[in-house]
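Peer 1: A single structure is presented below for examination.
The values are calculated or read from the model by the stated rules, or taken from the named source; none is laboratory data. Everything numeric in this text was worked out from a predicted model, so none of it was measured. All Cβ positions, glycine included, derive from the backbone under ideal geometry; neighbour counts span all protein chains shown.
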Amino acid sequence: MLRRLRSTALLLAVLLLVEEARGYSTGAPASACNSMVPSHGGQAPQSTQSPFQITPGGASTNGSPVSVTLAGVSPTANFKGFFLQARDANTSVVIGRFTTTSHKLVNCDSSIENAVTHLDKTPKQSVVVQWTPPSGYAGDVTFRATVVQDYSTFWTGVTSEKVTVKRSVAEVPPSTSKAPATTTQTTAPTTTSASSAAPMYVGCNSNKGCFGVPLNCVASSNCKVLFTYTKSDGGYHFEIMGDFTGNQGNVYAAGGLSFDEFMGDDSVVACVLNNGVVDAVMTYNQGKDNVFLKEPHYGLTDITTSFLDGVLLCRYTRAARLVVGSNTYDLDNGTFHLQVAHGPLDQDGTLDYHAARLASAQATSLGQFEALSGVDNQIFLVLHACFMVAAWVGAASTGIFIARYFKQTWKSYKTCGIDQWFHCHRFFMILTWVLTMSSLGLILWYKQGWTDTPADVNPHAYIGIVSIALCFIQPFMAALRCSPKDSRRPIFNWLHWGVGNAAQILGITAIFYGLDLYGLPRWTWWLMIAFVGVHCLLHILMSIGECVSDSKAKKQVSGGLQMTELHSSRDMLQPPLNYDAPGGTFRKALLALYLVSVWLVVAALIAVIVMDEEQLEKLGIDHN
């Protein structure tokens with residue numbers, strides 16, 4: 001009984017650990033932007049006066065950054081977690097952009113870095129960040145925070161005094177370039193419709209080449225980033241358009257030329273909006289890192305830039321032949337894969353990790369204007385997530401459940417002289433192995449290497465790779481197992497049991513962390529928690545059922561003794577080999593309940609992974 005409950009206890013421990021980690025260890029998720037209430041297992045915020053306060057660096061600003069300090073009223077007060085926003089005092093809309101190198105920035109309401117939270121749960125006495133008001137904004141702002149002292153003790157609605165932003169109009173200064181005949185539009189950004197992007201699509205794939213993201217957006221004239229090109233007298237004329245309607249902060253849209261569809265050794269021109277200044281700069285992808293050239297306008301002439309109605313636009317002429325990095329880009333004679341991407345700027349003005357990226361499936365000559373299809377690598381990420389859910393929530397759980405409780409069921413039905421439980425166990429564990437190894441290959445292909453997410457931010461990849469390693473060796477251990485009567489068989493039994501259970505527990509834990517990493521709705525946490533709860537409950541019920549069955553089996557034993565699974569000693573509680581143990585109907589009923597519950601969870605998770613936010617909304621399912 002105790003042996004059979006060990007894995008159940010382990011999974012319960014994991015659930016508790018994961019729930020605790022969920023509370024505050026890696027910061028608030030974007031799904032908490034509106035309520036600012038942490039998911040701490042239903043814990044309510046404190047009703048007492050908060051022992052913490054927010055102190056802005058001044059009562060007013062003309063648009064320059066404001067220093068914001070979150071600290072205890074008492075110098076000895078400390079806290080482990082926080083979530084800080086700036087909100088319009090009248091509308092409560094989250095506005096502006098935070099700057100920090102010590103904490104985690106969060107994107108709320110389709111804007112960029114307009115909230116900040118903790119990176120870890122180490123005690124803190126104070127937090128100091130910089131906040132920059134949005135371009136063109138004037139009005140009163142209050143800073144609002146949730147402060148977490150421990151898992152069950154936290155305060156919401158901690159609010160600062162008002163800060164008045166005095167600037168009412170923000171002009172985009174003209175960008176500068178050493179190139180001749182350069183002009184720049186200087187219209188301030190607004191929140192009107194992005195009709196200024198419509199002319200960009202005129203002549204696409206007839207008078208000029210066009211490629212954009214998301215996939216197939218050129219045909220519908222609805223690109224987040226559009227990259228166009230045509231031959232000109234001085235080289236090749238390019239346009240980069242980024243639709244950032246409704247977004248605030250420093251952003252970029254980029255277009256690149258590559259010798260393959262992967263990131264690395266690529267010549268990239270970035271159209272950047274940095275503190276109100278728009279510019280087109282030459283950069284280079286050195287491996288996964290994007291680096292700015294010492295001459296930002298190297299090989300570029302006739303640069304014009306603008307930021308109008310939320311649409312970022314850079315036009316420039318590029319020399320037909322350039323040496324960038326270690327490669328020569330001969331636009332007249334070579335063929336290239338086009339790459340487009342967009343995302344936020346880092347604090348030093350360089351390109352941060354892209355929010356979206358797409359590469360053309362085929363290389364093209366820039367003198368031809370053919371319609372290009374994209375290589376949407378997102379499918380690799382989607383399949384990775386689906387395969388892992390099917391493997392560890394579905395197949396592994398089912399295979400272990402059947403092997404643990406059904407060795408003495410269906411004894412009169414054998415296939416090729418082998419018990420039915422073994423056929424089922426082998427099928428589901430092979431399925432787990434195939435799905436897991438395939439999933440590993442998919443994610444390595446998608447990431448083009450190891451993850452760039454640190455373990456202290458999200459340990460999904462690190463926990464997952466240990467689970468995968470254990471899964472990999474498990475079938476080879478099984479293939480080398482000795483005879484059931486061999487004196488060393490108990491060693492194999494314990495190793496097989498331990499490695500299998502450890503792999504499953506780590507796999508489930510990695511999936512919990514993967515939910516946030518993948519950006520799934522918050523309610524999927526509860527779905528996974530429900531799975532773990534049902535899994536543990538049915539294991540407990542099956543173990544109780546086995547105790548009852550063993551008690552009844554004592555009366556059936558008449559000389560025939562059988563080797564137990566985990567010990568070399570003989571146990572009279574085992575029924576005769578060729579007869580089903582008592583309680584078969586009970587076991588089969590619980591198995592049916594287990595299979596329905598587990599595979600419904602698998603189906604629900606895969607459906608959410610595959611469907612986008614718009615499809616979920618059509619079904620009436622909240623994505624938050």
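Peer 1: Which one of the conditions (1) closer than 22 Å to LEU440 by Cα; (2) in contact with a Phe, Trp or Tyr (Cβ under 7 Å, 6 or more places away or on another chain) does LEU506 fail to meet, given that it meets all the rest?
Peer 2: (2)
Peer 1: Let me ask something additional. Just the residues that are in contact (Cβ under 8 Å) with a residue 12 or more places away in the chain, closer than 22 Å to VAL165 by Cα and not charged (D, E, K, R), please, taken from region 84-104.
Peer 2: LEU84, GLN85, ALA86, ALA89, ASN90, VAL93, VAL94, ILE95, GLY96, PHE98, THR99, THR100
Peer 1: Follow-up question, since we're still on this one. Do any residues in region 211-239 that are buried (at least 23 other Cβ atoms within 10 Å of the Cβ) have Cβ atoms under 6 Å from those of residues that are among the acidic types (Asp, Glu), where the two are at least six apart or on different chains, and which pairs are they?
Peer 2: Correct list of pairs: THR228/GLU239.
Peer 1: Hey, which of the strands (runs of 3 or more DSSP E) in region 79-142, taking only ones fully inside, have at least 2 residues that are β-branched (Val, Ile, Thr)? Walk me through it before giving the result.
Peer 2: Values: elements: 81-88, 97-99, 104-106, 115-117, 126-132.
Strands (runs of 3 or more DSSP E) meeting the threshold: 115-117, 126-132.
Peer 1: What number of residues in region 28-58 are modelled with pLDDT under 80 and within 21 Å of LYS104 (Cβ to Cβ)? Don't jump to the end; show me each part of the working.
Peer 2: Let us first name the residues in region 28-58 that are modelled with pLDDT under 80, namely 39-43, 58.
When the remaining residues are screened for being within 21 Å of LYS104 (Cβ to Cβ), the result is 39-40.
Total meeting the criteria: 2.
Peer 1: Does LEU358 satisfy the criteria of being under 19 Å from GLY234 (Cα atoms), assigned by TED's automatic domain parsing to the domain that holds ASN207 and either surrounded by 18 or more Cβ atoms within 10 Å (Cβ to Cβ) or out of contact with any Cys (no Cβ under 9 Å at 6 or more places or on another chain) (or both)?
Peer 2: no
Peer 1: In the set VAL18, VAL73, which member is at pLDDT 50 or above and either crowded, with 17+ Cβ neighbours inside 10 Å or over 21 Å from the mean Cα position of the chain (by Cα) (or both)?
Peer 2: VAL73
Peer 1: How many residues does region 33-72 hold that are under 13 Å from GLU161 (Cα atoms) and either touching an Asp or Glu at 6+ places or on another chain (Cβ under 9 Å) or not assigned by TED's automatic domain parsing to the domain that holds TRP131 (or both)?
Peer 2: So the answer is 4.
Peer 1: Restricting the search to region 352-410, which residues are closer than 30 Å to HIS425 by Cβ and outside any helix (DSSP H, G or I)?
Peer 2: If the condition is that a residue be closer than 30 Å to HIS425 by Cβ and outside any helix (DSSP H, G or I), then PHE406, LYS407, GLN408, THR409, TRP410 are the ones that fit.
Peer 1: Considering each residue of region 485-520, count those that are over 17 Å from TRP392 (Cβ atoms), aliphatic (A, V, I, L, M) and assigned to a loop (DSSP other than H, G, I, E, B), and give that number.
Peer 2: Here the count works out to 0.
Peer 1: Considering every residue within region 428-447, establish whether at least one is of a type outside the set (Val, Ile, Thr) and outside any helix (DSSP H, G or I).
Peer 2: no
Peer 1: Tell me yes or no: at least one residue of region 366-373 is at pLDDT below 85, over 28 Å from the mean Cα position of the chain (by Cα) and on the phi > 0 side of the Ramachandran plot.
Peer 2: no
Peer 1: So, in region 289-313, exactly how many residues are within 24 Å of PHE244 (Cβ to Cβ), touching a residue at least 60 places away in the same chain (Cβ under 8 Å) and not small (Gly, Ala, Ser)?
Peer 2: The total comes to 13.
Peer 1: How many of the residues making up region 64-78 are in a loop (DSSP other than H, G, I, E, B), touching a residue at least 24 places away in the same chain (Cβ under 8 Å) and either in contact with a Pro (Cβ under 6 Å, 6 or more places away or on another chain) or aliphatic (A, V, I, L, M) (or both)?
Peer 2: Residues that pass the stated criteria total 2.
Peer 1: Would you call ALA469 within 25 Å of the chain's Cα centre (by Cα), surrounded by 15 or more Cβ atoms within 10 Å (Cβ to Cβ), assigned by TED's automatic domain parsing to the domain that holds THR436 and assigned to a helix (DSSP H, G or I)?
Peer 2: Taking the combined requirement at face value, the residue does not satisfy it.
Peer 1: Quick test of your reading of the structure: PHE387 fulfils all but one of (1) closer than 21 Å to GLN286 by Cα; (2) of a type outside the set (A, V, I, L, M); (3) in the same structural domain as ALA510 (by TED's automatic domain parsing). Name the failing condition by number.
Peer 2: (1)
Peer 1: Give me the residue from region 476-501 that is touching a residue at least 40 places away in the same chain (Cβ under 8 Å) and more than 38 Å from the chain's Cα centre (by Cα) and, out of that set, farthest from MET429 (Cα to Cα).
Peer 2: SER487
Peer 1: Same structure, new question: Restricting to region 397-412, name every residue that is crowded, with 22+ Cβ neighbours inside 10 Å and over 34 Å from the mean Cα position of the chain (by Cα).
Peer 2: Correct list: TYR405, PHE406, GLN408.
Peer 1: Is at least one residue of region 133-142 modelled with pLDDT of 85 or more and under 27 Å from HIS354 (Cα atoms)?
Peer 2: Scanning region 133-142, I find at least one residue that is modelled with pLDDT of 85 or more and under 27 Å from HIS354 (Cα atoms), so the answer is yes.
Peer 1: I would also like to ask the following. Just checking, does region 589-604 include any residue being at negative phi, at pLDDT below 85 and not assigned by TED's automatic domain parsing to the domain that holds ASP109?
Peer 2: Taking every residue of region 589-604 in turn, none turns out to be at negative phi, at pLDDT below 85 and not assigned by TED's automatic domain parsing to the domain that holds ASP109.
Peer 1: Still on this structure, please answer the following. Whether any residue in region 333-350 is over 34 Å from the mean Cα position of the chain (by Cα) and not in a loop (DSSP other than H, G, I, E, B) is what I want to check.
Peer 2: No.
Peer 1: Also, quick follow-up: Got at least one residue in region 289-296 being touching a Pro at 6+ places or on another chain (Cβ under 8 Å) and either assigned to a strand (DSSP E or B) or not polar (S, T, N, Q) (or both)?
Peer 2: Of all residues in region 289-296, those touching a Pro at 6+ places or on another chain (Cβ under 8 Å) come to none.
Checked region 289-296: no residue is touching a Pro at 6+ places or on another chain (Cβ under 8 Å) and either assigned to a strand (DSSP E or B) or not polar (S, T, N, Q) (or both).
Peer 1: Please state which one of ALA530, ALA510, ALA503 is of a type outside the set (Lys, Arg) and surrounded by fewer than 19 Cβ atoms within 10 Å (Cβ to Cβ).
Peer 2: Numbers: ALA510 fails: surrounded by fewer than 19 Cβ atoms within 10 Å (Cβ to Cβ); ALA503 fails: surrounded by fewer than 19 Cβ atoms within 10 Å (Cβ to Cβ).
None of the others qualify; the one that does is ALA530.
Peer 1: On to the next question. Answer yes or no as to whether THR524 is among the hydroxyl-bearing types (Ser, Thr, Tyr), under 33 Å from the mean Cα position of the chain (by Cα) and either within 14 Å of SER397 (Cα to Cα) or exposed (fewer than 14 other Cβ atoms within 10 Å of the Cβ) (or both).
Peer 2: Considered against the rule, which asks whether it is among the hydroxyl-bearing types (Ser, Thr, Tyr), under 33 Å from the mean Cα position of the chain (by Cα) and either within 14 Å of SER397 (Cα to Cα) or exposed (fewer than 14 other Cβ atoms within 10 Å of the Cβ) (or both), THR524 comes out as no.
Peer 1: Given the conditions (1) modelled with pLDDT under 70; (2) touching a Gly at 6+ places or on another chain (Cβ under 7 Å), report the number of the one that ASP622 does not fulfil.
Peer 2: Unmet for ASP622, out of (1) modelled with pLDDT under 70; (2) touching a Gly at 6+ places or on another chain (Cβ under 7 Å): (2).
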